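The values are calculated or read from the model by the stated rules, or taken from the named source; none is laboratory data. This structure is a prediction, so every number in the text was calculated from the model and none was measured. FYI the Cβ positions are ideal-geometry reconstructions off the backbone, even for glycines, and counts take in every protein chain you see.
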Amino acid sequence: MRIGEFFVGLGNDFAALSPWGAMAWGLLFFTSIYVVFCGGNWLLTQSILPALGLGKRIDPRPLRDGQLRDELRLSAVSLLVFGVGAVLPWAFLRWGWASLAQDPGALQIAVEVVVLLVWNDIHFYANHRLLHTKALRRFHQQHHRSLVTTPFATYSFHPLEAALLGNVILLPMLLHDFSFAALLSLPVCSLLLNNLGHSNYDYAPGVGPNHWLAASRRHHLHHACYHGNYGFLFNFMDGWFGTRLPDDASRAQLEEFRARAAAR
Ligand SMILES: [Zn+2]
Ligand SMILES: [Zn+2]
């Protein structure tokens, strides 16, 4: 069976589920990718890459007491929001508001994946800016409690933030009959790349600040400085709206920490 046919079948099976089945499917799907990607990236950045001498930690400050426990607790709630939220794309399919492509070629799937990734950055930027407004900032402070980020902070949100970010797939589904493979690729790529951003690890110190692998440096600056660098994987939205932080924006904080640590 071709891989494309496999995903067409998977999408049709998903649409045929009961609403409870769709929620359970969503919960299992999001929990699986969270455990695999966040756990894998934690191992990679805590043990494997440092042992191999590849890349380096970005922010040397220690984690807050109980930080990992809080990130896992909030992530569990986000997984519940995302899982239950899977009933919305399911309902769109059942109500006929959206359909799945039944014979997508490799090129169609590839173009859809790229379009959804770019849309994800636009959607993330808009919602992230909203979450930094006076009215909504209190719903974003849970995420920013991770001053020094970890891969487990990737889904560490207030439930409202999880609902805002989790609806990214709905508008595109209304506008175009996507392949199920491309629709599934969005949360997978989004988590993978968001994980990169929260890893507090510079995977490729040799690349420039605009490189996609420098996303972890850029998002570290967002958590360290709070204002600026609101984008996701790419930084074109920050460029257009003039919200890019200088590459050394956290230098004073980190130097102060290192000086205090050396004086101890
Ligand atoms: Zn923020
Ligand atoms: Zn973040």
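Observations on the model:
- For first residues located in region 121-140 and in contact (Cβ under 8 Å) with a residue 24 or more places away in the chain, partners that are more than 15 Å from ligand 2 (Cβ to nearest atom) and β-branched (Val, Ile, Thr) and lie 6+ apart or on another chain with Cβ distances below 9 Å form the pairs 123/168; 124/168; 127/168.
- Failed condition for residue 245, given (1) more than 19 Å from the chain's Cα centre (by Cα); (2) assigned to a helix (DSSP H, G or I); (3) not polar (S, T, N, Q): (2)
A quick yes/no check of all residues on (1) within 16 Å of ligand 1 (Cβ to nearest atom); (2) of a type outside the set (S, T, N, Q):
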site: 140; (1), (2): yes, yes
site: 157; (1), (2): yes, yes
site: 179; (1), (2): no, no
site: 210; (1), (2): no, no
site: 213; (1), (2): no, yes
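- Within region 151-175, being surrounded by 23 or more Cβ atoms within 10 Å (Cβ to Cβ) and either β-branched (Val, Ile, Thr) or more than 16 Å from ligand 2 (Cβ to nearest atom) (or both) holds for 154, 169.
- Here residue 134 clears all of (1) within 16 Å of ligand 1 (Cβ to nearest atom); (2) under 27 Å from residue 41 (Cα atoms) except the condition numbered (2).
- Residues being at pLDDT below 95 and of a type in the set (S, T, N, Q) are represented in region 12-22 by at least one member.
- Summed over region 20-54, the residues that are in contact (Cβ under 8 Å) with a residue 60 or more places away in the chain and under 30 Å from residue 91 (Cβ atoms) give a count of 10.
- Members of region 176-213 that are small (Gly, Ala, Ser), out of contact with any Leu (no Cβ under 6 Å at 6 or more places or on another chain) and surrounded by fewer than 22 Cβ atoms within 10 Å (Cβ to Cβ): 185, 206, 208
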